[in-house]
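Below: one structure, written as structure tokens.
The values are calculated or read from the model by the stated rules, or taken from the named source; none is laboratory data. On a predicted model such as this, the values are computed, not experimentally measured, just so you know. Here the Cβ is made from the backbone with ideal geometry for all residues, glycine too, and neighbour counts use every protein chain on show.
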Amino acid sequence: MNVSVMQENLARGLGIVSRAVSSRATLPVLANVLLKTDNNGLKLTATNLEIGINCWVPGKLEGEGEITVPAKLLTDLVASLPNQRIDLQLSTKDRTLKVTCGGSRSSIKGIDADEFPVVAAIGDAPATSVDSRALREALGEVVFAAATDESRPILTGVLTKLAGDRMTLAAADNYRIAVRNLTVTQPVGAETSIVVPGRSYAELMRILPDAEQQIDITITPNKSQVLFHVEGIDLVSRLIEGQFPNYEPVIPTAHSSRAVVDREAFLAGARRASIFARDSANIVKVEVAGDGSSEVSITAHAADVGDNSDVLEASVEGQATTIAFNARYLIDVLSNLGADEAALELSGPLAPGVIRGIGKDDYVHVIMPVRTAS
């Protein structure tokens, strides 16, 4: 292998695939990145066996070959080099990659590419395509709600349903549900449901370009893997087996009180209350005044610390209601909601609360209340 690439292109490619490098590799080769000449350039690949990322770096080829080298070592080295041409030359005899840039010369010992797990592109035609920017925004409003507790693996994933021209993303743990709908640019034939690990979607969000590009979504026939392809980048993820809980009956269809509040003000109040709630099981109370008023208050009280109260301007409809939430769940949704105003819909102190974005009919978030002594 003898290939020349620009430092900024190689650094960008390594930054992308490094997201898939195993941090606690049981196999030494999983801490490596695979370098392989491909399609008039250099193909970089990394995997942690749950996700794999391919990234193509444009370059000039003078010889073919492949090798795996420690990902962190190569990434740190390339980042330290000037923005000039980098020459990569593989010595197959001693499995050494020689890196030359200007007056800098380095040699990195590698592991044979044969020992690297296969991260193959999925050959079937894409199931659908969707705008990259729209998908990234939608994932940002849903992924945080997936469970992190591995005791119920299915809840660590995000249900992804494709039907007609609609894509539905849903995540839930035992205390909240987030559901987002978006329109795909390529309608699907048969309705399909898969569960993608939340961690995989989190990594996809980081590598998706903030531009109007199409991302192709391909699912293997046995529904064991999904591939997301955007120009120059593949992300392949395993899928979670099992039946995702039927969340739809849990989403309230009516409410007895509704308050529309400025999202930033609501978020700021929740954050201040959470400072005091740390010593009281992270509980904050939200009080919606009844018809005729224009206030919502958010309070927290810790017996040995003190208390905090914020009164927010709001547009209120319906009955007066007081409800308690875990502060973290309230902050999570308000931090990620893509709207200037948030609507809080309640049906009493023990019924699930619903948060929607004003002007966003495609999103709903449900938070379970916390029982309190008073």
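Points to keep in mind about this one:
- Here LEU77 passes the criteria (1) part of a strand (DSSP E or B); (2) free of Cβ contacts under 8 Å to residues at least 40 places away in the same chain except the one numbered (1).
- Looking across SER309, SER274, SER293, SER297, one residue alone is under 32 Å from the mean Cα position of the chain (by Cα) and surrounded by fewer than 18 Cβ atoms within 10 Å (Cβ to Cβ). It is SER297.
This table checks each residue for (1) at pLDDT below 95; (2) within 20 Å of LEU235 (Cβ to Cβ); (3) not charged (D, E, K, R).
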{"residue": "GLU115", "(1), (2), (3)": "yes, no, no"}
{"residue": "VAL118", "(1), (2), (3)": "yes, yes, yes"}
{"residue": "ASP124", "(1), (2), (3)": "yes, yes, no"}
{"residue": "ASP131", "(1), (2), (3)": "yes, yes, no"}
{"residue": "VAL142", "(1), (2), (3)": "no, yes, yes"}
{"residue": "ALA145", "(1), (2), (3)": "no, no, yes"}
{"residue": "SER151", "(1), (2), (3)": "yes, no, yes"}
{"residue": "GLY157", "(1), (2), (3)": "no, yes, yes"}
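- If you go through the stretch 135-160 and keep only what is small (Gly, Ala, Ser) and more than 13 Å from the chain's Cα centre (by Cα), you end up with just SER151.
- In the stretch 107-128, the residue that is farthest from the chain's Cα centre (by Cα) out of those that are surrounded by 15 or more Cβ atoms within 10 Å (Cβ to Cβ) and assigned to a strand (DSSP E or B) is ILE108.
- A single member of ASP76, ASP38 is within 19 Å of GLY232 (Cα to Cα), of a type in the set (Asp, Glu) and not assigned by TED's automatic domain parsing to the domain that holds MET205, and it is ASP38.
- Selection count where residues are more than 23 Å from GLY102 (Cα to Cα), part of a strand (DSSP E or B) and modelled with pLDDT under 95, scope the stretch 31-42: 1
- Residue list for the stretch 224-271, restricted to those being surrounded by fewer than 19 Cβ atoms within 10 Å (Cβ to Cβ), in a loop (DSSP other than H, G, I, E, B) and not polar (S, T, N, Q): GLU231, GLY232, GLU241, GLY242, PRO245, TYR247, ILE251, PRO252, ALA254
- The residues on offer are ASN181, ASN174, and the sole one that is within 30 Å of PRO352 (Cα to Cα), part of a strand (DSSP E or B), polar (S, T, N, Q) and touching a residue at least 40 places away in the same chain (Cβ under 8 Å) is ASN181.
- Boolean, LYS360 is basic (Lys, Arg), in contact (Cβ under 8 Å) with a residue 12 or more places away in the chain and more than 22 Å from ARG180 (Cα to Cα): no
- Positions within the stretch 1-26 being in a loop (DSSP other than H, G, I, E, B) and in contact (Cβ under 8 Å) with a residue 40 or more places away in the chain, in sequence order: MET1, VAL21
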